[in-house]
Amino acid sequence: MAKPEKVLTDDLWGIIEPLLPKQKPPGTPGRPPVPNRTAMLGILYVLLNGCPWNALPREYSSGPSCWRRLREWQRKGVWKRVWKEMLDRAEPGMKLAMIDSSSVQAPKGGARRAPARRTGRRGALRGT
C-alpha cells in the first residue's frame with residue numbers, strides 16, 4: 001500500500017494549506033472537524049491505493065469524513081486552485097501537464113456502449 005505521507009511532504013503542505021478553506025474555530029458547536037492535513041492524507045490514501053472509502057485506515061480519520069471534505073473542497077474550487085498553483089510553480093515555460101493510466105489507476109469497465117442495431121430481414125445484429 002502506498003503511503004500518502006511520502007507524497008504530501010511538509011514543503012508541499014506549506015504550499016497547499018493556504019489554499020484550503022478555513023476550518024471552524026475551536027469552541028463552535030458540534031463535533032470538532034478533522035484537521036485539514038489528516039483529511040488530505042486520507043483522500044490521498046484512497047486515490048493512491050484505489051480502496052473504498054469505508055476501508056480507509058483509522059489513522060487517516062474516517063472514510064465518510066474524508067469523502068465529505070473531498071466533496072466540499074471540490075465544490076469550493078480548491079482542486080483548481082491547487083492545480084493552478086502547482087502549474088505556476090512548475091518549470092518555466094511549462095503550460096501543459098498530463099497524467100495517464102500508467103500513473104493513475106483507470107476504472108474498470110469504462111463507458112457503456114450503445115446497444116447493437118438490428119438490420120436486415122432476419123434482424124441480424126450489426127455492430128456499431
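The values are calculated or read from the model by the stated rules, or taken from the named source; none is laboratory data. Keep in mind the model is a prediction, meaning the values are calculated, not measured. Backbone-built Cβ (ideal geometry, glycine too); neighbour counts: all protein chains shown.
Name the residue, out of G14, G30, that is on the phi > 0 side of the Ramachandran plot and loosely packed, with under 15 Cβ neighbours inside 10 Å.
Sole residue among the options that is on the phi > 0 side of the Ramachandran plot and loosely packed, with under 15 Cβ neighbours inside 10 Å: G30.
Given the conditions (1) within 16 Å of the chain's Cα centre (by Cα); (2) surrounded by fewer than 15 Cβ atoms within 10 Å (Cβ to Cβ), and given that A39 satisfies all but one, which numbered condition is not satisfied?
That leaves (2) as the condition not met.
Determine if the stretch 9-21 includes at least one residue that is without any contact (Cβ under 8 Å) to a residue 40 or more places away in the chain and in a loop (DSSP other than H, G, I, E, B).
yes
Residue-wise test of (1) touching a Ser or Thr at 6+ places or on another chain (Cβ under 7 Å); (2) at pLDDT below 95; (3) assigned to a helix (DSSP H, G or I).
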residue: L48; (1), (2), (3): no, yes, yes
residue: P64; (1), (2), (3): no, yes, yes
residue: P92; (1), (2), (3): no, yes, no
residue: I99; (1), (2), (3): no, yes, no
residue: V104; (1), (2), (3): no, yes, no
residue: A114; (1), (2), (3): yes, yes, no
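Of (1) at pLDDT below 90; (2) touching a Gly at 6+ places or on another chain (Cβ under 9 Å), P26 satisfies all except one. Which?
The number of the failed condition is (2).
Would you pick out the residues in the stretch 1-11 that are modelled with pLDDT under 85 and surrounded by 10 or more Cβ atoms within 10 Å (Cβ to Cβ)? Outline the logic, then answer.
Here is the first cut: in the stretch 1-11, the residues modelled with pLDDT under 85 are 1-2.
Selection gives A2 alone.
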